[in-house]
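Reading through the structure tokens given below for one structure.
The values are calculated or read from the model by the stated rules, or taken from the named source; none is laboratory data. Just so you know, these numbers come straight off a predicted model, no measurement behind them. Don't worry about glycine lacking a Cβ; one is built from the backbone with ideal geometry, like all the others, and counts go over all protein chains shown.
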Amino acid sequence: MPDPEWFAASNAPAPIRQPKPGERVSTCAGTGRQVDCELRFHGESYGWECQCLYNGELAYGRRFLMKADAMREADCSVNGC
């Protein structure tokens, strides 16, 4: 017969993961909308993600291996290249 304590522990719900706040690197307000870009680091194997938000809603995100590349994307998204 299985141990009832082990069985109860194995069916416990997984903790809810809270997202880490991003590092805001660029903001531009004008023409009736606000554009924000944030960088998020996901670890050595995944790299950096540049998330661009239009009026607070996620418009797109793109992954880069190097932080400098992610920062360049954020700058281009806000200021235009």
How many of the residues in region 69-81 are at pLDDT 90 or above and either of a type in the set (S, T, Y) or part of a strand (DSSP E or B) (or both)? 0
Only one residue in R24, R40 is over 10 Å from the mean Cα position of the chain (by Cα), of a type in the set (K, R) and either at pLDDT 80 or above or more than 20 Å from R72 (Cα to Cα) (or both), so which one is that? R24
When region 70-81 is checked residue by residue, the ones that are of a type in the set (S, T, N, Q) and surrounded by 15 or more Cβ atoms within 10 Å (Cβ to Cβ) are S77
Say we look at region 43-69 and pick out the residues that are of a type in the set (G, A, S), under 15 Å from V25 (Cα atoms) and more than 12 Å from the chain's Cα centre (by Cα); which of these is surrounded by the fewest Cβ atoms within 10 Å (Cβ to Cβ)? G56
